[in-house]
């Protein structure tokens with residue numbers, strides 16, 4: 001899917017590794033956090049905007065899946081997309097890619113809530129930010145629908161997935177999981193739905 005935005009590029013340092021010799025989970029979270037801030041900045045939510053408006057963002061939920069170990073010296077890139085834009089929150093999907101192999105090392109979904117920095121209460125996203133986010137999400141969804149149709153042609157097991165994406169669903173979480181599943185496995189030939 002061409003609509004992914006690159007939001008982080010870096011390397012695993014020896015001090016990121018634990019006693020097992022691979023990058024510890026705290027560093028995955030840290031790198032994903034940096035990617036969140038980059039994605040939010042592309043929407044117009046950066047430090048100067050927060051200072052000006054007296055607002056901020058708070059992560060209230062995060063789900064991470066670890067798919068491949070990373071070791072000292074591995075270069076990684078995080079690509080991000082928007083899953084959902086609500087009145088007061090944004091759901092972000094990030095995938096961490098091992099640059100040398102192209103394999104997805106981890107994915108995470110983060111829910112960020114726009115808050116009043118003084119009262120620490122959720123408030124609506126600024127209208128310009130919300131519109132930008134909705135436009136970005138719409139582009140991503142259209143690209144994803146094309147992607148699903150292109151990659152599921154002639155595969156009966158996946159036709160149900162394709163239909164689920166086309167039909168309006170009340171269960172947004174299911175849609176997001178289907179979307180994540182297909183995107184992360186696009187280079188594998190052994191997709192199991």
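Residues are listed down the side, and each one gets a yes or a no for (1) outside any strand (DSSP E or B); (2) in contact (Cβ under 8 Å) with a residue 24 or more places away in the chain; (3) over 17 Å from the mean Cα position of the chain (by Cα); (4) under 19 Å from residue 37 (Cβ atoms):
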| site | (1), (2), (3), (4) |
| --- | --- |
| 70 | yes, yes, yes, no |
| 76 | no, yes, no, yes |
| 83 | no, yes, no, yes |
| 94 | no, yes, no, yes |
| 97 | no, no, no, yes |
| 105 | no, yes, no, no |
| 108 | no, yes, no, yes |
| 118 | yes, yes, yes, no |
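Confirm whether residue 52 is farther than 18 Å from residue 8 by Cα and part of a helix (DSSP H, G or I).
Values: farther than 18 Å from residue 8 by Cα: yes; part of a helix (DSSP H, G or I): yes.
Spelling it out, residue 52 is indeed farther than 18 Å from residue 8 by Cα and part of a helix (DSSP H, G or I).
Among the candidates 81, 105, 143, single out the residue that is at pLDDT below 95, on the phi < 0 side of the Ramachandran plot and buried (at least 18 other Cβ atoms within 10 Å of the Cβ).
Details: 105 fails: at pLDDT below 95; 143 fails: buried (at least 18 other Cβ atoms within 10 Å of the Cβ).
When all the criteria are applied, what remains is 81.
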Among the numbered criteria (1) in contact (Cβ under 8 Å) with a residue 24 or more places away in the chain; (2) part of a strand (DSSP E or B), which one does residue 33 miss?
(2)
Only unsatisfied item for residue 74, checking (1) out of contact with any helix residue (DSSP H, G or I) (no Cβ under 8 Å at 6 or more places or on another chain); (2) within 30 Å of residue 124 (Cβ to Cβ); (3) crowded, with 17+ Cβ neighbours inside 10 Å, is (2)
For the range 15-28, what are the residues that are surrounded by 14 or more Cβ atoms within 10 Å (Cβ to Cβ), outside any loop (DSSP other than H, G, I, E, B) and touching a residue at least 40 places away in the same chain (Cβ under 8 Å)?
16, 17, 23, 28
Single residue of 49, 68 found to be over 20 Å from residue 128 (Cβ atoms) and either out of contact with any strand residue (DSSP E or B) (no Cβ under 7 Å at 6 or more places or on another chain) or surrounded by fewer than 17 Cβ atoms within 10 Å (Cβ to Cβ) (or both):
68
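The values are calculated or read from the model by the stated rules, or taken from the named source; none is laboratory data. For clarity, every value in this text was computed on a predicted model and none was experimentally measured. No Cβ is skipped: glycine too gets one built from the backbone with ideal geometry, and neighbour counts run over all protein chains shown.
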